[in-house]
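Right, one structure below, let's go through it.
The values are calculated or read from the model by the stated rules, or taken from the named source; none is laboratory data. Quick caveat, the model's predicted, so the values are computed rather than measured. No Cβ is skipped: glycine too gets one built from the backbone with ideal geometry, and neighbour counts run over all protein chains shown.
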Amino acid sequence: MKSIASVCLLAAVSIVTSANAATDAPQQTPDTFAAAGERITIASGRALNLRCVGKGPKTVLLEAGGNADSTSWFRVQALLSPQARVCAYDRAGYGFSDEGPMPRDLDADVADLSALISTARLNTPLVLAGHSLGSNIVRRYAQLHPKNVSALVLVDPPEQGADALLPTEWKQQDEDGRVQRNAFLDACLKAAEAGTLDHAEGPLASCLRAPPPWQSAPVAAASRTYKLKPAYWRTLRSELDANTAIFAAPVAADESYGATPVIVLSASNDIPGVPDDIRKALQTAREQTHERLVASSKNGRRIDLPAASHDIQIDAPEAVAKAVVEVLAPRK
């Protein structure tokens, strides 16, 4: 039986891939993603990597999911670039961005996002699109800076509040899984600090997974290079620990964005590898999460994409682009 933590770790260490990508979107990451875009200094000695393409009166900012960087948005950026300025960035400790202060929790990520938007002088109000954990980041930013946000596109937000629906024994197993996960991540970190991770054998060989097929060889090599650095492992461990608190509580009943459009893209609700009662609890929490997010706006809408995996931006980038185009248009 797999614990929720072990399932989440597999999802966190590598982005799920699919053969159902849009034919009019790039099939592989452009080789330009193997180098930094524009590094924006947001604090003394610390910069975040920003990639912007396209032109237009409005700007779209894309926020990646957990343990992901700006490369995860390459298809969506290509589809949207004819209609708007579309930017994606690497959060602190990932990609070509410098490591940030610990812990890497929601407050830290939102503070960095705010500094990036201000320092890079991105044209506000922005359309913010966030995948998975990124949906929590853009939501919090929108709550703190409502005038800077014209719309939210939430790409398969994770379930929140599942803990209250799960049996005690499963929650204990989940906690045991987190302990094992952190021990594994600590071992990967030690190997990175020792400079031996690139040639690790045995269990540590799984610290670095094979690149997804949508990464070009230069981009895969660049990704591997940054994952050999201790900063990556410190960031990942801290992020996963923070996620426990982020997703423990349900979406607040009073979370509101007024008339700001909110589109929720929902992928398949199938959760393999867990007992039926656990699956039902997780599915219930997921449905409640998506329903409350739609209800958080007078202009909330849900789009179901049952054929897509959690990584909709990879599986069905045209659906993400279509949702963004919808909210780019002036409201009547």
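Only residues that are among the hydroxyl-bearing types (S, T, Y) and either in contact with a Cys (Cβ under 7 Å, 6 or more places away or on another chain) or crowded, with 24+ Cβ neighbours inside 10 Å (or both): list them for segment 108-137, please. Selection gives S132, S135.
Just wondering, is there one or more residues in segment 103-115 that are acidic (D, E), within 27 Å of A308 (Cβ to Cβ) and part of a helix (DSSP H, G or I)? So far as segment 103-115 goes, yes, one or more of its residues are acidic (D, E), within 27 Å of A308 (Cβ to Cβ) and part of a helix (DSSP H, G or I).
Looking only at segment 225-258, filter to residues that are farther than 18 Å from L166 by Cβ and among the hydroxyl-bearing types (S, T, Y); which one of those is surrounded by the fewest Cβ atoms within 10 Å (Cβ to Cβ)? Taking the candidates together, the pick is T225.
Quick grid of which residues meet (1) in contact with a Pro (Cβ under 6 Å, 6 or more places away or on another chain); (2) polar (S, T, N, Q); (3) over 30 Å from N182 (Cα atoms):
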{"position": "P230", "(1), (2), (3)": "no, no, no"}
{"position": "N243", "(1), (2), (3)": "no, yes, no"}
{"position": "A281", "(1), (2), (3)": "no, no, no"}
{"position": "E287", "(1), (2), (3)": "no, no, no"}
{"position": "N299", "(1), (2), (3)": "yes, yes, yes"}
{"position": "D315", "(1), (2), (3)": "no, no, no"}
{"position": "V327", "(1), (2), (3)": "yes, no, yes"}
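Among the residues making up segment 136-176, a single one is among the hydroxyl-bearing types (S, T, Y) and under 19 Å from T284 (Cβ atoms): T168.
Taken residue by residue, segment 189-203 has at least one member that is of a type in the set (S, T, Y), farther than 30 Å from R292 by Cα and exposed (fewer than 15 other Cβ atoms within 10 Å of the Cβ). Of all the criteria given as (1) out of contact with any Gly (no Cβ under 8 Å at 6 or more places or on another chain); (2) surrounded by 24 or more Cβ atoms within 10 Å (Cβ to Cβ); (3) not in a loop (DSSP other than H, G, I, E, B), the one not satisfied by R140 is (2).
Taking S238, is it over 19 Å from F96 (Cα atoms) and hydroxyl-bearing (S, T, Y)? Full working, then the answer.
Working: over 19 Å from F96 (Cα atoms): no; hydroxyl-bearing (S, T, Y): yes.
Considered against the rule, which asks whether it is over 19 Å from F96 (Cα atoms) and hydroxyl-bearing (S, T, Y), S238 comes out as no.
Considering the conditions (1) touching a helix residue (DSSP H, G or I) at 6+ places or on another chain (Cβ under 9 Å); (2) in a helix (DSSP H, G or I); (3) among the hydrophobic types (A, V, I, L, M, F, W, C); (4) in contact (Cβ under 8 Å) with a residue 12 or more places away in the chain, L128 is excluded by exactly one of them, (2).
D105 - would you say it is at pLDDT 95 or above and either out of contact with any Asp or Glu (no Cβ under 9 Å at 6 or more places or on another chain) or surrounded by 19 or more Cβ atoms within 10 Å (Cβ to Cβ) (or both)? Spell out how you get there, then give the answer.
Values: at pLDDT 95 or above: yes; either out of contact with any Asp or Glu (no Cβ under 9 Å at 6 or more places or on another chain) or surrounded by 19 or more Cβ atoms within 10 Å (Cβ to Cβ) (or both): no.
Criteria not met by D105.
So which residues in segment 142-180 are of a type in the set (V, I, T) and touching a Phe, Trp or Tyr at 6+ places or on another chain (Cβ under 9 Å)? Spell out the reasoning first.
Quick first cut of segment 142-180, residues of a type in the set (V, I, T) only: 149, 153, 155, 168, 179.
The one that is of a type in the set (V, I, T) and touching a Phe, Trp or Tyr at 6+ places or on another chain (Cβ under 9 Å): V149.
Which condition from (1) at pLDDT below 95; (2) hydroxyl-bearing (S, T, Y); (3) crowded, with 19+ Cβ neighbours inside 10 Å is the one that T168 breaks? Only one criterion is unmet by T168, namely (3).
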